[in-house]
Amino acid sequence: MIDYAHQHDLLDRCVRGTHRDESLAALRRYFERYTGRWFERFAGGGDDPPVANTVTEADVLALNFLSITSLADVAIDTTMTHAYQIRTLLEQIPVNVPMHATAWSTYDREAPAFLLWDLIRSCGGGHRPVTAAKLLARKRPQLVPVYDSRVKAVLKAPRSEWHCLWSWFHADPARATAVEELRREAGGITDISLLRCLDVVLWMRARAHA
């Protein structure tokens with residue numbers, strides 16, 4: 001069994017322990033000042049029912065809110081070249097089921113979520129795992145986390161970021177409630193997914209302690 005003791009301890013401290021006040025302040029600051037506050041919200045969100053199973057131009061533009069650049073070829077590949085494959089996979093991934101309420105089989109290497117991440121990371125040319133993670137998080141914000149180099153660093157590069165977070169939630173159901181309470185207390189962000197709240201907390205922590 002993979003050991004995520006360090007990562008789970010950090011998440012606990014950020015959500016319901018010694019770092020909670022810092023996390024609360026970070027959430028408030030981020031969603032007041034940073035362009036990334038629009039990532040899930042822009043144009044109604046990537047999981048809005050009419051577009052939930054299609055990558056749209058708005059989804060691609062939303063990546064820029066999280067500092068993803070060189071998006072022209074990504075737009076062509078995701079909205080045109082691979083549009084049918086992407087739609088077929090998205091149709092198999094639940095929209096309104098959060099990570100803390102789904103089985104690990106949702107994320108295994110044969111599952112549509114992993115296959116879609118694998119497809120999208122090649123879109124736009126080269127190897128773009130961060131682009132893939134962020135676009136998938138835009139389309140399924142309750143199920144897939146945003147993940148970039150700063151979050152990877154603060155979590156000390158877990159073997160699988162999906163399994164790290166999934167196992168954290170599933171080891172103690174009270175953890176999801178704790179994130180919900182943190183989100184509620186921050187104010188004005190009840191429309192933001194729990195995974196995005198965790199991402200912001202970790203990203204802001206990495207930025208503050210860089």
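Details
- Checking each residue in segment 30-47 for being farther than 13 Å from Cys197 by Cα and part of a loop (DSSP other than H, G, I, E, B) picks out Tyr34, Arg41, Gly45, Gly46, Asp47.
- For segment 57-93, a residue qualifies if it is assigned to a helix (DSSP H, G or I) and of a type in the set (Phe, Trp, Tyr), and exactly one does: Tyr84.
Every residue, every condition in (1) of a type outside the set (Phe, Trp, Tyr); (2) out of contact with any Pro (no Cβ under 9 Å at 6 or more places or on another chain); (3) within 26 Å of Ser167 (Cα to Cα), yes or no:
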{"position": "Asp12", "(1), (2), (3)": "yes, yes, yes"}
{"position": "Arg29", "(1), (2), (3)": "yes, yes, no"}
{"position": "Arg33", "(1), (2), (3)": "yes, yes, no"}
{"position": "Leu61", "(1), (2), (3)": "yes, yes, no"}
{"position": "Ser67", "(1), (2), (3)": "yes, yes, no"}
{"position": "Leu71", "(1), (2), (3)": "yes, yes, no"}
{"position": "Tyr84", "(1), (2), (3)": "no, yes, no"}
{"position": "Ile93", "(1), (2), (3)": "yes, no, yes"}
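- Output for segment 51-103, where each listed residue is touching a helix residue (DSSP H, G or I) at 6+ places or on another chain (Cβ under 7 Å), acidic (Asp, Glu) and crowded, with 19+ Cβ neighbours inside 10 Å: Asp59
- When the residues of segment 180-201 are filtered to those that are farther than 11 Å from Tyr30 by Cβ and buried (at least 17 other Cβ atoms within 10 Å of the Cβ), the one that is nearest to the chain's Cα centre (by Cα) is Leu195.
- Residue in segment 136-144 that is within 15 Å of the chain's Cα centre (by Cα), at pLDDT 95 or above and farther than 18 Å from Ser193 by Cα present: no
- Helices (runs of 4 or more DSSP H) wholly inside segment 123-210 that include at least 2 residues being within 23 Å of Pro112 (Cβ to Cβ) and either out of contact with any strand residue (DSSP E or B) (no Cβ under 8 Å at 6 or more places or on another chain) or not basic (Lys, Arg) (or both): 129-139, 161-171, 194-208
- All positions within segment 164-179 that are of a type outside the set (Val, Ile, Thr) and surrounded by fewer than 16 Cβ atoms within 10 Å (Cβ to Cβ): Ala171, Asp172, Pro173, Ala174
- Contacts under 7 angstrom Cβ, first residue in segment 85-111 being touching a residue at least 60 places away in the same chain (Cβ under 8 Å) and over 20 Å from Pro49 (Cα atoms), partner surrounded by 14 or more Cβ atoms within 10 Å (Cβ to Cβ) and among the small types (Gly, Ala, Ser), 6 or more apart: His100/Ala176
The values are calculated or read from the model by the stated rules, or taken from the named source; none is laboratory data. Keep in mind that what you see is a predicted model, and the values were worked out from it rather than measured. Glycine gets a Cβ as well: all are built from the backbone with ideal geometry, and neighbour counts include every protein chain shown.
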